[in-house]
1. In percent, how large is the relative contact order of chain A, given Cα pairs closer than 8 Å and 6 or more residues apart?
2. Report, by chain and number, residues whose modeled amide H sits under 5 Å from the one on A:N146, excluding near sequence neighbours (fewer than 5 apart, same chain).
3. Can you give the accessible area per residue of the protein assembly as shown, in Å², using a 1.4 Å probe?
4. Positive end of the charge dipole of the protein assembly as shown (Lys, Arg +1 and Asp, Glu -1 on Cβ, about the Cα centre): tell me which of B:V155, B:I249, A:P334 has its Cα farthest that way.
5. For segment A:256-329, just run the numbers: alpha carbon Rg, then divide by 2.2 N^0.38 Å, N being how many residues it has.
6. Would you grab the residues whose amide H sits under 5 Å from the one on A:N77? Only those 5+ places off in sequence or on another chain, please, with H modelled 1.01 Å from N.
7. Using a 1.4 angstrom probe with every protein chain in place, what is the largest-first accessible-area order of B:F163, B:F174?
8. Considering the dipole of chain A built from charges on the beta carbon (Lys and Arg +1, Asp and Glu -1) around the Cα centre, which of A:A142, A:Y431, A:A162 is farthest to its positive end?
Amino acid sequence: MSVTLKRFMAGATVLTVTALALVGCSSSPSASSTSTAAPKLDKLTVMAPYLSTDAPTADNEVGQTLNKILGTDLEVNWVPNSSYGDKTNITLAGNDIPDAMVIQGKDAGFVKNANAGAFWDLTNYLKDYPNLVSSTPAVQQASSVNGKVYGIYRPRDTMRTAVIIRKDWLKKLGLSMPKTTDDLYKIAKAFTEDDPDGDGKKDTYGLIVPKWPGSVGSNSPWDAIESWYGAGNVWTQQNGKLVQSFTTPQWKKALAYEKKIVSNGYINPDYATMDSVTWNTPFLNGQGGIIIDTYSRVRQITSLMEKTDPTTYQNMIAWTGNLEGPDGKMHALPTSGYSGFIAIPKSSVKTEAQLRQVLSVLNKLNSKQAQILINNGIEGKNYNLVDGRAQAINPPTPESTLMQNTVNSYAQLGISVGGNKFYLPAQPNAYDQTQYDAQLKTAASDLKSAVYNPAAAYVSNTYVLNGATLDNIISDARIKYDAGQIDDAGLDAALKQWATSGGTQVTAEINKLYKADKNK
Amino acid sequence: MSTPTVTQDAPIAELVAEAEFAKIGKRKSRHNRLWARMVRYRWLYLLLVPGVVYFALFKYAPMYGAIIAFKDYVPFLGIGGSQWVGLAQFEQFFNNPDFFRLLGNTLILALLSLVIAFPVTIFMALMLNEMRMMVLKRTVQTLIYIPHFLAWTVVASLTYLLFSQGAGPLFSFFNGVFGTHVDFLTDPAWFRPLIVLQDIWKNTGWGTIIFLAALAAVDQEQYEAAVIDGAGRFQRVWHVTLPSIRPTIVVMLILQMGQILNTGFEQIYLMTNSLNRQVADVFDTYVYFVGITQGAYSYSTAVGLFKAVIGVVLILGANWLAKRFNQDGIF
């Protein structure tokens, strides 16, 4: 019998992670509380992810200072970032629910929980708290579920798209920085065919693209090109209706452009399989010369190059923002502008009075004083203020490093929806500082022609159920088309498959929500 | 699994005694007899306890969670609070346009591993067994075990290094020799061969252990007799060795049947990309994909349950077949 059992169990183990993970979490949330008539909360518990190796210690200095600013004890339950998603669901299914929790994204799980009434709808409350009023309502709208704001979003740079190019190669071939997608094509071609490294061998290519972990609309280099071509950002408006950007003629033109780059070999040959972790390597090794990504990658590559060659690294890397499309216009690709939000579960915060209490603490968490504390740290301990910028203690001491790690974790609670009131970081040297400032400037000017996703706020039920599968149909078709595995007819077939597998329904649902939306 | 082995022997010995006991007198009720037996063999039953607790706690209790396959599970509402939806999740799965593609991909990979990787293991064990130089035999054996201890991530990275377009040595070698331009990592036609090759490379050495143990137990006198009868080396393998390890082969095959839909998530997930997904999607990756990335917990549990049921049916079927052909089954 034991062998049968073992075999059957081996099968049953695959019942998905969830089924196993949820053992013991079966009691319903209603049974959870200490149901005495909802007193004032004597402290605030918050669940948040941490990205460094260790969670902040209990009674750390940042936390203690924060408690003083907030006038309440803030008890943070730190969860490793890698398991945060699982932990979120387990927590919501369990008994020990925090008063506020970081939700990392508007994913299917969150939407289900929110629709089931797990979180307070904050739409009509936030206006009463000056620090919680968003200065970019478009982002707040994007973070909402069909207009219902379930959380105070954690703002991120809205414009980060950058084109990174080997400066020495450009110089060698007498080319200038690209302004348009056509320029980019010419540079990719020259980097492949005209021996930019001067070794007499045809061993270089232009564009470097890795296998992208996300599908369509995930800020991949392909998405950037398609956006530059005017295809919109995931969704776009056509004749008063919202359509997915991959159904537009611009998208097809962009794909033809991508295909030309791929079929001519102006790209790394392993673009469909390359691990994105090794994205920088060909650029640093002098195999490829163009990366379309973000300013963070510019800084990353710069510091890597500085390590190998501290004298000439400045001549090796150049960057620019978004490129103009073939229509002569700039369609810049923004991010969603936020990274999840802090939501307030109803099972722990039971009454409106308690909700107001939590919100007033969060309001204080967003004061200038608190923002500086959780984003910069404590002056003199881990940073010094130099010309209005936060300069890390240099050389770092064990204490300053420890505090910086703690601050990095607390920064996860940053909800500066009204604009950042903390200090910008000072860069380690003059070159980096000028680059950093220039990036801020380019980002600001690109932001003026940013193409936002007009359907970011809308959640279609069909999409929640099938979205990942649907998106994959398109992103696979894109790569297959670029690789020459399918032709135009194959591309159309994929679009048709998308439409019949639920794409049509998603479009209908999104447009219904769009029509009903008064905030648009 | 050492505990069940001990306890398994006990009830069998006991059954014999039990039969005798039953003949003597039927006055005592069944309950009393069981109790008497348990008291008599209390120490052996005590040995059973850790095993029972382990299975109850870590294998049976979690099965409670399987009921979310019949619900529309929302974490906030909990397992108890979520709505019953009957077989809706299963209906959705079977009506899914991807269903037959997934089933096909899964079965093809499973059959390939059954038809190719499984015999290779036996073949390898036979070859090792025939080796006369002990030092060489042990060295080879150790060398082919080693890949078993590597994680799939490592195996996949090695494959990528060797076969990547442009830089991979095997990519250049094969395409150079045959004058082709095959990208092994993205060409859908090469996906399955690569998976099977990886499987063989990683698991064959480990798989030979059981067969080598069985081979060591083959009666040496039979070989001597065969030699006297004038049997050559291949004849000895065919007429003595293989029939002797047949029960082991049958048991291993039955066990393998239960795993047939478990194609291994990691290996396949790591080897999948946009260009070969059409042939690469299997139940395991699909469960991950819809369950974790789409948050469809109930749905993916239903898929997992379906797999488990198929696994049980296949084991029982293979066992039944084995018995029909007068082989020892596993139960």
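1. 23
2. Counting only residues 5 or more places away or on other chains, the set is A:Y458, A:V459.
3. Dividing the accessible area of the protein assembly as shown by its residue count gives 48 Å².
4. Positive-end residue among those listed: B:I249.
5. Dividing the Cα Rg of segment A:256-329 by 2.2 N^0.38 Å gives 1.26.
6. Correct list: A:V46, A:M47, A:A48.
7. B:F174, B:F163
8. The one lying farthest along the dipole's positive direction is A:A142.
The values are calculated or read from the model by the stated rules, or taken from the named source; none is laboratory data. All values reported here derive from a predicted model rather than from experimental measurement. Positions of Cβ are backbone-derived with ideal geometry, glycine not excepted, and every protein chain shown enters the neighbour counts. Please note that ligands, DNA and RNA were not included when accessible areas were found on the heavy atoms of the full protein model with its side chains. Shrake-Rupley method; radii C 1.70, N 1.55, O 1.52, S 1.80 Å.
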